[in-house]
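See below for the structure under consideration.
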Amino acid sequence: MRKKLITLATIVLLTLTANSAKAQNYCFFVDNQSDEAFYELKIRPTGTGMAFSVDLLPEDIIEDGKHFWVKTADDRYATYDVQITDLDGKPLLFTWKDVSGNWHKSKPFISVNVKDLHTLVISTDADGNLNFGVYNDDRFKYGHPCEN
């Protein structure tokens, strides 16, 4: 009986170890080049209808010119909505043109594919609209986001 119990415990331990080894997170940097202070940053899987996560900022406020990293909850989803709020708790509004040429104006969040994302740059255009850039390489020399 003792041998069976030890064997069962070993199998359970190996299964848990294998499952935790498979579970990964996507990590990416967010670079604030927007002239806005970020008070909260929240994410949710795109198209799920889920609520946004808790605040993921490492500090109370991320000012213009600073960067930080974000880790997703798990890797079941590749596309996440990103919502950033100001000091009053209101979502910042983004304007951008998608790959199909359609304009999105004053949207309270952006959707990004985080699977290969290294750095998400939030910036302001000449008209004062917030927009974003997606970079899948370490062009800003921040290192690997999951290693922070």
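Working note: Karplus 6.51/-1.76/1.60 with θ = phi - 60° gives segment 115-128 the couplings 4, 10, 5, 9, 9, 9, 9, 9, 9, 10, 7, 4, 8, x Hz, where Gly and Pro are set to x.
If you count Lys pairs in segment 25-147 whose Cα atoms are under 15 Å apart, skipping same-chain pairs closer than 8 places in sequence, the total is 8. Once both labels are positioned 7 Å from their Cα atoms along Cα-to-Cβ, the gap between LYS115 and LYS66 label points is 3.3 nm.
More than 12 Å apart: what percent of Cα pairs in segment 19-70 qualify?
On the way: 926 of 1326 pairs.
Summing the P(r) of segment 19-70 above 12 Å gives 70 percent of all pairs.
Model label sites at ASN136 and LYS90, defined 7 Å from Cα along the beta-carbon direction, differ in position by 3.7 nm. Note that segment 25-147 shows a convex hull volume over its alpha carbon atoms of 114 Å³ per residue.
What are the trypsin sites (Lys or Arg not before Pro) within segment 26-80 that DSSP puts in a loop, where the Cβ has at most 13 other Cβ atoms within 10 Å? Kindly include the intermediate steps, with their values, before the conclusion.
On the way: sites: LYS42, LYS66, LYS71, ARG76; in loops: LYS66, ARG76.
Here the trypsin sites (Lys or Arg not before Pro) that fit, given the DSSP loop and packing criteria, are ARG76.
Once both labels are modelled 7 Å past Cα along the beta-carbon direction, what's the CYS146-LYS97 spacing in nm? About 3.5 nm, to one decimal.
Values quoted throughout were computed directly from the atomic coordinates according to the rules given, and no laboratory measurement underlies them. For clarity, every value in this text was computed on a predicted model and none was experimentally measured. Neighbour counts run over all protein chains shown; Cβ positions are idealised from the backbone, glycine included.
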